Every structure is written in structure tokens, then in C-alpha cells.
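Each remark here refers to the structure printed beneath this line.
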Amino acid sequence: MLSPSIDRRTLLSQLRTALLLGAGFGIGLWLWVTQGARFAGVVLAVTILSGIVWQYRVYAARRWHALMDAYAEREMAQRQRR
């Protein structure tokens, strides 16, 4: 049983991840041009790692909500049978 609010939250989380990666890439590219490759590489690596962690959190939250929805539906069906 999916509610629209859960779908919007996951969409917003994915948009935030895309914006974070885009901003990190832009900053890393700008630093690459102005400061050199070493510092820009660190910024890009940190940005990519934080994006991966964020996506994992979104995936885990989605699975948790699906698990709770399935459990609630099973409990409601069991209570209706009694």
C-alpha cells in the first residue's frame, strides 16, 4: 500500500542526490581549472561517495517502508479474519 507522500519523498531524495552530484562535479571542475587536479579530485571523490551513501539511504528507506506496509496489511487481514 503505497501512499503518494512516500513517492514524493523518494523523488525529492533522488533530485537532491542529482543536485548534490551536479554541484560537486561543477565545483570539482572549477577547482580543476583554477587550482589543479589534486584538490579537485578530492572534492569529486567526496561528492561521489556522499551521493552513493545518499542513494543507499533512499533505497533502505524505500525497503523499510515497503516492509512496514506489508506487515501492516498482513496484520489487518489477520484481524479481519478473527
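Taking Ala72 as meeting all but one of (1) in contact (Cβ under 8 Å) with a residue 40 or more places away in the chain; (2) under 28 Å from Leu15 (Cα atoms); (3) of a type outside the set (Asp, Glu), write down the number of the exception.
Unmet for Ala72, out of (1) in contact (Cβ under 8 Å) with a residue 40 or more places away in the chain; (2) under 28 Å from Leu15 (Cα atoms); (3) of a type outside the set (Asp, Glu): (2).
How many residues, within region 3-34, are exposed (fewer than 11 other Cβ atoms within 10 Å of the Cβ) and either of a type in the set (S, T, N, Q) or modelled with pLDDT under 75 (or both)?
5
Just give me the residues in region 39-82 being among the aromatic types (Phe, Trp, Tyr) and loosely packed, with under 12 Cβ neighbours inside 10 Å, in sequence order.
Filtering region 39-82 for residues among the aromatic types (Phe, Trp, Tyr) gives 39, 54, 56, 59, 64, 71.
Tyr56, Trp64, Tyr71, listed by residue number.
Could you give me the residue pairs with C-beta distances under 8 Å whose first residue belongs to region 48-69 and is touching a residue at least 40 places away in the same chain (Cβ under 8 Å), whose second residue is of a type outside the set (Phe, Trp, Tyr) and not in a helix (DSSP H, G or I) wherever it lies, and which are 6+ apart or on separate chains?
Asp69/Met1; Asp69/Leu2
The values are calculated or read from the model by the stated rules, or taken from the named source; none is laboratory data. Every value quoted in this text rests on a predicted model; they were computed, and no experiment measured them. Counting neighbours? That spans all protein chains shown, and the Cβs are built from the backbone with ideal geometry, glycine included.
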